[in-house]
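A.B. asks: Would you mind keeping the following structure in view while I ask a few things?
The values are calculated or read from the model by the stated rules, or taken from the named source; none is laboratory data. Just so you know, these numbers come straight off a predicted model, no measurement behind them. All Cβ positions, even for glycine, are placed from backbone atoms using ideal geometry, and neighbour counts span all protein chains on display. Side chains included, ligands, DNA and RNA excluded: accessible areas come from the protein's heavy atoms. Shrake-Rupley method; radii C 1.70, N 1.55, O 1.52, S 1.80 Å.
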Amino acid sequence: MASFRSEPILWIHLAGLATLPIFLFLCVLFLSIGEPVLPVWMELFLVAAIGVLPLLWMQLSRPFYIFAILGVALKPENLTEEQRKMLCLINTNLNRFLAVLAAILLVGVLWQIYQITPLVANIASFLPQWRSVGLLLAALAFLASNLFLQIPVSVARLLVTNDTEFAAIKPLPLEKIQQDFTIVGVRVNQILPQLFHSLLGMKKGTKAPQEHNPDEH
């Protein structure tokens, strides 16, 4: 029986962590646009509020439905029992604590990257030097940074769950999914093609004949 960790979408979400440095760089780039017109603390507060609060509120109240990607979401009624067990692990007090911790961590990172904005001012010199636009774009880039940290963190918590604990979990009732999770995107019957599972099956199937090859000579 395949482990729940073989679910492809878990690893896709975890891989999203690789985009975090890109969005943080965009954030510092946009922060370097124009000359500050507000006190430092106010600019940081505005960027942090737009970038952190919406996602943090979502993760604390109705966590992101992980069976969604690139604007499409797997219909809740099409989830397997194993996938509904995974949702139980996403909506826990531990995950809420991790969400708060991740938000605090990124606010600390925001303060650090704000200090280096003069170093990248020359790179952003080709952009219109409108401070208000720069702050808005920085806030949106910071929002994306939070998104690609919060979701991988919640998925990572799931991946470190031991098999015994996972086996003991009862699948989340279907009617609770829409109540307890934020489902983003057009709902479809299938997100990822069965190609992943087919390829895995082919690899396993080719191992057995190879073991008998010596007998054929």
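A.B. asks: Using 7 Å Cα-to-Cβ label points, what is the GLU81/LEU60 separation (nm, one decimal)?
C.D. replies: With each label placed 7 Å out from Cα toward Cβ, I get 3.6 nm.
A.B. asks: Ok, one more. Highest GNM mean-square fluctuation, the chain, Cα pairs closer than 10 Å: which of LEU101, LEU26, LEU159?
C.D. replies: LEU101
A.B. asks: Take LEU119 and LYS176, extend 7 Å from each Cα along the Cα→Cβ direction, and tell me the distance between the two endpoints in nm.
C.D. replies: Result: 4.8 nm between the two label points.
A.B. asks: Grab the Cα-Cα distance for GLN112 and LEU14, subtract it from 0.36 nm times how many residues apart they are, and report the gain in nm with one decimal.
C.D. replies: 32.8 nm
A.B. asks: Would you grab the residues whose amide H sits under 5 Å from the one on ALA73? Only those 5+ places off in sequence or on another chain, please, with H modelled 1.01 Å from N.
C.D. replies: VAL186, ARG187, VAL188
A.B. asks: Sticking with this one: With the full set of protein chains in place, find how many percent of the accessible area of the chain is carbon and sulfur; take the probe as 1.4 Å. It would help to have the intermediate numbers written out before the result.
C.D. replies: Values: 8570 of 12410 Å².
Carbon plus sulfur share of accessible area: 69 percent.
A.B. asks: Under 13 Å from the Cβ of ILE177, count the other residues' Cβ atoms, weight Lys and Arg +1, Asp and Glu -1, and hand me the total. All intermediate terms of the calculation are to be shown ahead of the outcome.
C.D. replies: Working: positive: ARG62, LYS75, ARG84, LYS85, LYS176, ARG187; negative: GLU77, GLU81, GLU175, ASP180.
Neighbour charge sum, excluding ILE177 itself: +2.
A.B. asks: Still on this structure, please answer the following. Within the chain, how many Lys pairs that are eight or more residues apart, or on different chains, come under 28 Å at the alpha-carbon? Working shown, then result.
C.D. replies: Details: LYS75/LYS85; LYS75/LYS170; LYS75/LYS176; LYS85/LYS170; LYS85/LYS176; LYS85/LYS203; LYS85/LYS204.
Final tally of qualifying lysine pairs is 7.
A.B. asks: Karplus couplings for the stretch 136-147 from phi (6.51 cos²θ - 1.76 cosθ + 1.60, θ = phi - 60°), rounded to Hz, Gly and Pro as x?
C.D. replies: For the stretch 136-147, the Karplus curve yields 5, 5, 5, 5, 5, 5, 5, 4, 5, 4, 5, 4 Hz.
A.B. asks: What number comes out for accessible area per residue over the stretch 105-171 if the probe is 1.4 Å? Units Å², please. Provide the component values of the computation, followed by the final result.
C.D. replies: Values: 3550 Å² over 67 residues.
That works out to 53 Å² for each residue.
A.B. asks: Please identify, among SER125, SER145, SER32, the residue showing maximal mean-square fluctuation in a Gaussian network model of the chain using a 10 angstrom Cα cutoff.
C.D. replies: The residue with the greatest mean-square fluctuation here is SER125.
A.B. asks: Run the simple label-point estimate for VAL100 and MET42 please: 7 Å along Cα→C-beta, distance reported in nm.
C.D. replies: If labels sit at VAL100 and MET42, their model points lie 3.0 nm apart.
A.B. asks: Go ahead and estimate [θ] at 222 nm for the chain from helices alone: -39,500 (n - 2.57) per DSSP H run with n ≥ 4, summed, over the residue count, rounded to 500. All intermediate terms of the calculation are to be shown ahead of the outcome.
C.D. replies: Details: 9 runs with 135 residues, N = 217.
Estimated from H runs of four or more residues: -20500 deg cm²/dmol.
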